[in-house]
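The block underneath contains the structure these notes are about, expressed in structure tokens.
Derivation of every value follows stated rules applied to the coordinates shown; laboratory data play no part. Not measured: the values here are computed from a predicted model. Because the Cβ atoms are built from the backbone with ideal geometry, glycine has one as well, and the counts that use them run over all protein chains shown.
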Amino acid sequence: MPSTENQSQISPVEERINSLIKQMALEEKIGQMTQVEKNSISPEEVRNYFIGSVLSGGGGFPSINTPVAWADMVDTYQKCAMETRMAIPLIYGVDAVHGHSNMNGAVIFPHNIGLGASRNPNLVFQIGRATAEELVATGIYWNFAPTIAVPQDIRWGRTYEGYSENTQVVSNLGAAYIRGLQGDKLDTDHFVLATPKHFLGDGGTTWGSSSFRNNQLDQGDTRIDEETLRKIHLSPYLSAIQNGAMCIMASFSSWNGRRMTANNYLLTDVLKEELGFTGFIVSDWQAVDQLSDDYYQAVSMAVNAGIDMTMVPYDYKKYISTLLRAVQQGAVAETRINDAVYRILHVKLMLGLFDRPYAQRVFLSHVGSESHRMLARQAVSESLVLLKNDNKILPISKDVKLILVAGRGADNIGIQCGGWTIEWKGIDGNQIPGTTILQGLKNITSQDTRIIYEPSGKFDITSEAKRKLALAHIGIVVVGETPYAEGDGDSEDLCLSQNDVELIHQMRSICHRLVVILISGRPMNITDQLPLIDALVCAWLPGQEGEGIADVLFGDKEFKGRLPYTWPKSMDQIPFNFENLPTGDKSPLFPFGYGLEAN
């Protein structure tokens, strides 16, 4: 916190913050450092405990999941915050990692892995702008995004949250998204706070190093030297800070055995002092609890290391009383508390929350708007990577007589969207707005084209006439992963399921030309199936606008995507040594940056 000794060198904002802190009791300061999940606290308790932030975790939506209900819910919490003695507004946060994705009716964009394939910073910037508009409509001015991890092992369940294995791609696109969310000046009425995460090295953990639940990589240990840590994982944060980042989330993971949430060297010496980060650091979900079995010790370690706001998220009363005791007993200096509160209040002032704390309902008409849906559709089309196109069967003629479509994912928006969609691990089915891949095919083809959908691929073609008709035309099969999130998605086996393998064989036997669309959060092991496929399209997790896939399949738009990750030939190649990739027969199936054009 800046010194008050020389008032002539202090700006009006600094003077206002210093004045607020001088008036605050210790309990009020600690309240500002506390973030609670909305299902664990009432609005009245926000007022009683001076809470600085409330969040919605995955699935943390109001009882009626509509934009108006969200605005009403958040405003109710905010109203109670504004009734405290100091009238300091809270800041409400959500994981809007691919649109305002907890909220039914919001536009769900492709996950970051698809945007990494697009290589288009302007597109990512526009998605940030659109997401911010839908957030502020509901009173939310804090987005726990973007993830600027640099995943080095695609077995990680958060691979799809990363733009790429390549540091420069991550730096460029992460910075673009931050500018889109925050604009040139945070206190403009339709911008929100970005949160680059997870500092530092979460994409570099070692397989089997995680001790959390059944995780293998997520929340594990990054076992590399400091030079490598800086070269691969730190650069995106420097770019984020240069592009205005004012909040950074600390990682669950460790670096050479030391938990990041307690790493004073990286959080304070490197991030705050060396890189000059003037915003605040927030911990991840209950991450402080992992530091020690002694909660008093855990809280003291985290705050002393540089954590400014703690995502509790449940037993906030225990956290507040523990930190209060730690300060009273000298385990945490009040100057450290003042520094944390200064940083938090500075960001709240930058956001204009003191003057404009409530939902900006004028933007409710932007939620799920046609312009945002068209932007999502564009993002889908630009993210697709064409991996194989034998005999130039793509693009498909819109006048083709018959298309056989198979695979459960062909008519399932939940599978298209993946994790972090309404619920933490995503959903199954078509209960949210959007267009499935199947509907997109129907919308774009000629009225004379017959599209027959059978999820199992077991079409009734018993007669010779029907069989000849099928063999003369196109089969499209959608295979891949079903939704997952975080460590629950850690997987040693990235082969297609047996059902998907059988489905490809089944469709190959009845279709003259076979197009496979792969829906997945990472490259998968498809080496054995590749010879059966005429055209292979990697669609990643495209979100709600399946028609963006049809746009490219039928030639209205060109294939532009390039692989953001190296594609393995077999699982024994994972993790890759990117400094010394195998060559010859042992080379990757597809290299980083690979992508065909159809025309």
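Which is farthest toward the positive dipole end of segment 11-365 among THR159, ILE307, ILE337, measuring Cα position about the Cα centre, with Cβ charges +1 (Lys, Arg) and -1 (Asp, Glu)? Checking the options against the dipole of segment 11-365, the answer is THR159. Dipole magnitude for the chain: computed about the Cα centre from +1 point charges on Lys and Arg Cβ and -1 point charges on Asp and Glu Cβ, it is near 900 debye. With charges set only on the Cβ (+1 for Lys and Arg, -1 for Asp and Glu), what does the dipole of segment 1-139 come to about its Cα centre, in debye to the nearest 20? About 240 debye. For THR435, nonlocal amide neighbours, meaning residues 5 or more places apart or on other chains whose placed amide H falls under 5 Å from its own, are GLU545, GLY546, GLU547. Measuring r between the beta carbons of ASN122 and GLN297 and using R0 = 41 Å, the FRET efficiency lands at 0.30. Determine the distance separating the Cα centre of segment 7-83 from the Cα centre of segment 234-302; give it in Å without decimals. Cα centres, segment 7-83 to segment 234-302: 21 Å. When TYR163, TYR141 are sorted by how many other C-beta atoms sit within 10 angstrom of their C-beta, beginning with the fewest, the order is TYR141, TYR163. For the pair GLU502 and ASP390, a Förster radius of 30 Å applied to the C-beta separation gives a FRET efficiency near 0.85, rounded to the nearest 0.05. Spin-label model, LYS586/ILE452: points 7 Å from Cα along the beta carbon direction are separated by 4.8 nm. Proximity of backbone amide H atoms, modeled 1.01 Å from N, is registered between LEU496 and ASN525 at under 5 Å, excluding neighbours fewer than 5 places apart on the same chain.
Remark on LEU402: its backbone amide H falls under 5 Å from those of ARG450, ILE474, a criterion applied only to residues 5 or more positions apart or on other chains, H modelled at 1.01 Å from N. Using C-alpha pairs below 8 Å separated by at least 6 residues, the relative contact order for the chain is 17 percent.
Relative to the current alpha-carbon distance between ARG258 and ASN577, full extension at 0.36 nm per residue lengthens the span by 112.4 nm. A simple charge model with +1 on the Cβ of Lys and Arg, -1 on the Cβ of Asp and Glu and nothing else charged puts the dipole of segment 451-563 at about 660 debye relative to its Cα centre.
Computing FRET efficiency as 1/(1 + (r/R0)^6) for ARG467 and THR527, where r is the C-beta to C-beta distance and R0 is 41 Å, gives about 0.85. Computed from backbone phi with θ = phi - 60° and the Karplus coefficients 6.51, -1.76 and 1.60, the 3J(HN,Hα) list for segment 315-322 is 7, 5, 5, 5, 5, 4, 5, 5 Hz; x is used for glycine and proline. Cross-link reach is defined here as a Cα-Cα straight distance under 24 Å, omitting same-chain residues fewer than 8 places apart; for LYS466 the lysines meeting it are LYS398, LYS401, LYS442, LYS458. State the answer as a single residue: which of ILE88, GLY418, SER235 lies farthest towards the positive end of the charge dipole of the chain, with beta carbon charges of +1 for Lys and Arg and -1 for Asp and Glu, about the Cα centre. The listed residue farthest towards the positive side: GLY418. Using θ = phi - 60° in the Karplus curve 6.51 cos²θ - 1.76 cosθ + 1.60, the 3J(HN,Hα) couplings for segment 498-511 round to 4, 4, 5, 4, 5, 5, 4, 4, 4, 5, 4, 6, 10, 10 Hz; x is entered for Gly and Pro. In terms of its C-alpha gyration tensor, segment 159-303 comes out prolate, because a/c is 1.5 or above and the ratio a/b outweighs b/c. Among the GluC sites (Glu not before Pro) in segment 4-99, those located in a DSSP loop and surrounded by at most 16 other Cβ atoms within 10 Å of their own Cβ are GLU5, GLU83.
Residues LEU26, LEU123, LEU135, arranged from fewest to most other Cβ atoms within 10 angstrom of their Cβ, appear as LEU26, LEU123, LEU135.
Assign one of three labels to the chain, namely rounded, prolate or oblate, based on the Cα gyration tensor with a ≥ b ≥ c the square roots of its eigenvalues; rounded applies when a/c is under 1.5, prolate when it is not and a/b is larger than b/c, and oblate otherwise. Taking the square roots of the gyration eigenvalues as a ≥ b ≥ c, the chain is prolate. For segment 517-599, the list of GluC sites (Glu not before Pro) that fall in a loop by DSSP and count at most 12 other C-beta atoms within 10 angstrom reads GLU579, GLU597. Each DSSP beta bridge with both residues in the chain is either parallel or antiparallel, and the antiparallel ones are about 15%. Normalising the average separation of contacting C-alpha pairs (under 8 angstrom, six or more residues apart) by the number of residues puts the relative contact order of segment 384-586 at 32 percent.
Site pair GLU558 and SER365 shows an inter-label distance of 3.7 nm when each label is modelled 7 Å from Cα along Cα→Cβ.
Distance from the alpha carbon centroid of segment 388-436 to that of segment 338-355 works out to 44 angstrom.
Taking each DSSP H run with n ≥ 4 as -39500 (n - 2.57) and averaging over every residue of the chain yields -9000 deg cm²/dmol at 222 nm.
Here the extension length gained between SER321 and HIS512 equals 61.8 nm, from 0.36 nm per residue of separation less the Cα-Cα distance.
Residue by residue, segment 376-387 carries 3J(HN,Hα) couplings of 5, 4, 4, 4, 4, 5, 7, 8, 5, 10, 8, 9 Hz when phi is fed to the Karplus relation 6.51 cos²θ - 1.76 cosθ + 1.60 (θ = phi - 60°); x denotes Gly or Pro.
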